[in-house]
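The next block holds one structure in the form of structure tokens; read it before the comments.
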């Protein structure tokens with residue numbers, strides 16, 4: 001064989017080997033680029049059934065429906081403080097079923113959904129969503145006129161609900177179920193300072209008050225941590241509202257002046273401005289004068305609790321969305337402050353005036369920086385609070401109790417008590433020779449809050465006369481037994497609160513809006529209201545309702561059209577559910593939904 005032939009055969013064999021090697025590489029690259037699809041796995045976190053039966057039932061039903069649809073769904077039951085920590089502080093969850101206190105205005109969506117708040121603790125964007133369209137709508141509704149705002153919000157709700165961009169869904173709005181001493185003849189459980197004051201006058205005795213109105217709390221709550229500016233792991237909001245005043249509060253006609261003696265509104269370019277005048281006699285509970293300088297300090301302190309001593313501002317997480325509405329505060333004399341807002345809407349600006357006022361002489365020393373993210377103000381329990389509310393701190397916590405007493409130096413005390421006396425005067429047979437005043441005595445001497453380990457123990461204490469009112473919401477299974485309790489009355493009230501199914505968009509599947517749009521349908525809300533709440537709840541129907549803003553708090557009437565449950569009477573149709581996921585671009589392998 002000549003050299004030419006041998007050389008040609010060698011090259012051919014090398015070529016064949018090279019092609020084989022390349023073919024092997026091609027197969028390797030093909031396998032590397034197209035790995036076997038992984039089943040989609042989700043973990044649902046909520047509280048144990050002993051703490052909240054409805055939440056546990058929602059978790060069970062939702063997980064079952066996900067599994068029926070081919071999703072690998074696991075469940076974890078976590079004590080409420082730990083759940084709130086993992087969801088609101090650490091963002092360690094896939095799906096969380098948790099109670100939300102309600103959104104009283106669409107602007108409350110700003111901190112909940114705006115990308116500026118990714119990474120901040122509390123209810124500031126716990127879902128890790130970052131969507132420029134949502135951001136634009138949220139910013140525009142703040143800066144537009146009132147009519148423009150309505151149009152912008154309609155567009156926002158349509159984008160959130162119909163296009164499934166929203167990172168959570170509302171399972172149901174639930175009533176507040178309460179229990180009170182029958183002798184009090186209360187129609188509802190007190191919540192606001194006015195309602196607690198009214199409770200002190202309820203069912204009057206001829207003698208002056210001798211005992212406090214005793215309010216029961218239950219669960220893993222501590223009344224020792226009374227810090228009004230942190231995200232706490234227990235809801236002590238009602239107590240804090242009694243201790244700390246705001247310039248504006250929610251009344252029968254919406255937001256109206258409370259501690260503020262008057263508010264004059266004006267428009268300055270793209271902003272509204274409020275001239276807030278305080279009562280001349282306003283004081284803190286320790287007797288120090290409450291001045292416009294305290295109003296300015298509160299705004300500055302909520303924006304940066306280090307007061308400029310930290311490299312970056314260390315904000316107060318509570319009231320964060322409302323704090324960002326305030327652009328500037330200028331003292332205009334001892335009793336007046338000019339507040340400029342980052343909005344053209346007076347309705348939105350009023351929300352910023354609902355933050356609690358803080359005494360500068362108490363909180364300024366707490367601006368010491370402890371870590372990059374914490375000051376002493378955010379670490380303190382504030383066990384002996386000093387505010388300016390209708391009630392003041394009276395005694396330290398002993399065995400789970402805290403006592404509050406009337407702060408009769410409050411500028412509104414005389415007006416509020418006179419109004420209560422006049423409202424009851426026609427029902428009383430009393431001597432009214434002195435100008436028609438009933439001089440009606442208070443039945444109770446202050447307030448006393450006491451904690452109990454669980455709802456049953458609190459209701460036992462109510463039946464035994466050890467407490468007069470239970471402040472927490474009574475679980476439905478306990479509420480249904482109240483008619484068998486002697487001297488106990490069940491009371492209800494409508495509430496903006498809702499059970500939220502929240503999605504962490506750090507999970508790759510949940511980051512896909514089409515995926516979470518299907519997931520949000522996998523709950524028959526009508527059945528939930530009937531079976532889990534015994535009718536003491538309502539289902540969202542409008543776009544605003546599915547976003548967590550009750551229709552009573554916004555005029556939105558557009559029906560949500562993309563939320564039909566794929567089944568009937570609570571039973572999911574697996575074929576229909578599979579079809580929805582396939583239409584969203586997903587597929588199945590061995591009956592498991594895969595990426």
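The values are calculated or read from the model by the stated rules, or taken from the named source; none is laboratory data. Model, not experiment: these values are computed from the prediction. With ideal geometry, Cβ positions are generated from the backbone for all residues, glycine too; neighbour counts draw on all protein chains shown.
When you look at residue 170, is it on the phi < 0 side of the Ramachandran plot, assigned to a strand (DSSP E or B) and more than 23 Å from the chain's Cα centre (by Cα), yes or no? When the stated conditions are applied, residue 170 does not pass them. When you scan region 125-139, do you find a residue that is farther than 25 Å from residue 519 by Cβ and in the same structural domain as residue 529 (by TED's automatic domain parsing), even just one? Taking every residue of region 125-139 in turn, at least one turns out to be farther than 25 Å from residue 519 by Cβ and in the same structural domain as residue 529 (by TED's automatic domain parsing).
Collect the residues in region 121-135 that are closer than 17 Å to residue 85 by Cα, touching a residue at least 40 places away in the same chain (Cβ under 8 Å) and in contact with a helix residue (DSSP H, G or I) (Cβ under 7 Å, 6 or more places away or on another chain), keeping them in residue-number order. 121, 122, 123, 124, 126 - these are the residues of region 121-135 that are closer than 17 Å to residue 85 by Cα, touching a residue at least 40 places away in the same chain (Cβ under 8 Å) and in contact with a helix residue (DSSP H, G or I) (Cβ under 7 Å, 6 or more places away or on another chain). Taken together, the criteria place residue 578 among residues that are touching a strand residue (DSSP E or B) at 6+ places or on another chain (Cβ under 7 Å) and farther than 13 Å from residue 157 by Cβ. When residue 387 is tested against the conditions (1) in contact (Cβ under 8 Å) with a residue 12 or more places away in the chain; (2) part of a loop (DSSP other than H, G, I, E, B); (3) over 19 Å from residue 246 (Cβ atoms), the lone failure is (3). Counting only strands (runs of 3 or more DSSP E) that fall entirely inside region 38-133 and contain at least 1 residues that are closer than 17 Å to residue 167 by Cα, the qualifying elements are 41-46, 95-100. Closer than 14 Å to residue 358 by Cβ, modelled with pLDDT of 95 or more and not assigned by TED's automatic domain parsing to the domain that holds residue 149, is that true of residue 295? Against the criterion (closer than 14 Å to residue 358 by Cβ, modelled with pLDDT of 95 or more and not assigned by TED's automatic domain parsing to the domain that holds residue 149), residue 295 qualifies. The one condition from (1) in contact with a helix residue (DSSP H, G or I) (Cβ under 8 Å, 6 or more places away or on another chain); (2) at pLDDT below 95 that residue 581 does not meet is (2).
Among the helices (runs of 4 or more DSSP H) confined to region 464-540, the ones with at least 1 residues that are in the same structural domain as residue 108 (by TED's automatic domain parsing) and either in contact (Cβ under 8 Å) with a residue 60 or more places away in the chain or over 22 Å from the mean Cα position of the chain (by Cα) (or both) are located at 513-519, 525-532. Could you tell me whether residue 187 is over 29 Å from residue 82 (Cα atoms), in a loop (DSSP other than H, G, I, E, B) and over 20 Å from the mean Cα position of the chain (by Cα)? Yes: the conditions hold for residue 187. Evaluate region 15-36: report whether one residue or more is over 18 Å from the mean Cα position of the chain (by Cα), at pLDDT 60 or above and surrounded by 14 or more Cβ atoms within 10 Å (Cβ to Cβ). No, the conditions are met nowhere in region 15-36. Is it fair to say residue 588 is touching a helix residue (DSSP H, G or I) at 6+ places or on another chain (Cβ under 7 Å), assigned to a strand (DSSP E or B) and within 30 Å of residue 106 (Cβ to Cβ)? So residue 588 fails the test. Against the numbered list (1) over 22 Å from residue 120 (Cβ atoms); (2) assigned to a loop (DSSP other than H, G, I, E, B); (3) over 24 Å from the mean Cα position of the chain (by Cα); (4) in contact (Cβ under 8 Å) with a residue 60 or more places away in the chain, residue 361 comes up short only at (2).
Residues checked against (1) surrounded by fewer than 20 Cβ atoms within 10 Å (Cβ to Cβ); (2) more than 19 Å from residue 245 (Cα to Cα); (3) without any contact (Cβ under 8 Å) to a residue 12 or more places away in the chain; (4) in the same structural domain as residue 230 (by TED's automatic domain parsing):
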site: 301; (1), (2), (3), (4): no, no, no, no
site: 309; (1), (2), (3), (4): yes, yes, no, no
site: 320; (1), (2), (3), (4): no, no, no, no
site: 328; (1), (2), (3), (4): yes, yes, no, no
site: 336; (1), (2), (3), (4): yes, no, no, no
site: 353; (1), (2), (3), (4): no, no, no, no
site: 370; (1), (2), (3), (4): yes, yes, yes, no
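The set of residues from region 262-274 being buried (at least 16 other Cβ atoms within 10 Å of the Cβ) and at pLDDT 95 or above comprises 263, 273, 274.
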